[in-house]
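Visitor: Have a look at the structure that comes next, please.
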Amino acid sequence: MINEAKMTELTQAEDMAYFRADLCLYSPESYSLDEKKEICNDMIATSKAMLDAMREDFEQLPPDARAKLLDMLCQSGVETADWWWNVLVGEGDPLYRELETI
């Protein structure tokens, strides 16, 4: 299982990537094209890393716990059942399968 320190690190990296994107949207003229490209790539990489960590944790659970957790997540109303299935069991979030870094 992923430890709390690693999850905090992943969360902070993702938060920082999206914070930088917000700053760029607020003042796009302050950023070069290369900086904007780096910001986009960081958003993709950090979000994908977070989802990969979730999948890794999920795969380490016993089968009955995985089934219960997946059922609970699918019924939670947070994302769709298909999304949870793709992220935790399938080939990953379809967005990140199609999106590559720029």
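Visitor: What percentage of all Cα-Cα pairs in region 1-53 are separated by more than 16 Å?
Guide: Numbers: 593 of 1378 pairs.
Result: 43 percent of Cα pairs exceed 16 Å.
Visitor: Let me ask you something else. Using alpha-carbon pairs under 8 Å, 6+ residues apart, how would you state the relative contact order of the chain in percent?
Guide: 30 percent
Visitor: With springs only between Cα atoms under 10 Å, which of GLU14, GLU59, GLU29 fluctuates most in a Gaussian network model of the chain?
Guide: With Cα springs under 10 Å in the chain, the top fluctuation among GLU14, GLU59, GLU29 is at GLU29.
Visitor: Taking a probe of 1.4 angstrom, what is the accessible area of MET43 in Å², to the nearest 10?
Guide: That residue has around 50 Å² of solvent-accessible surface.
Visitor: By a straight-distance test (C-alpha under 24 Å), which lysines pair with LYS37 as possible cross-link partners, with residues fewer than eight away in the same chain excluded?
Guide: The qualifying lysines are LYS48.
Visitor: A further question on this structure: Given a Förster radius of 22 Å and the C-beta distance between TRP83 and LEU61 as r, what FRET efficiency does 1/(1 + (r/R0)^6) yield to the nearest 0.05?
Guide: 0.75
Visitor: Now a separate question. Accessible area of the chain with a 1.4 Å probe: how many percent of it is carbon plus sulfur?
Guide: Roughly 57 percent of what the probe reaches on the chain is carbon or sulfur.
Visitor: 222 nm [θ] for the chain, helices only, -39500 (n - 2.57) per DSSP H run of 4+, per residue, to 500?
Guide: -25000 deg cm²/dmol
Visitor: Looking at [x] 43, 31, 23; [y] 37, 33, 19; [z] 52, 28, 22, which value of Cα extents along the principal axes in Å comes from a calculation on the structure shown?
Guide: Answer label, from the structure shown: [z].
Visitor: With every protein chain left in place, what is the accessible area per residue of region 9-102 in square angstrom, probe 1.4 Å?
Guide: Accessible area per residue: 68 Å².
The values are calculated or read from the model by the stated rules, or taken from the named source; none is laboratory data. As the structure is a computational prediction, the values presented were derived from the model and not from experiment. Don't worry about glycine lacking a Cβ; one is built from the backbone with ideal geometry, like all the others, and counts go over all protein chains shown. The area values use the complete protein model at the heavy-atom level, side chains included, leaving out ligands, DNA and RNA. Shrake-Rupley method; radii C 1.70, N 1.55, O 1.52, S 1.80 Å.
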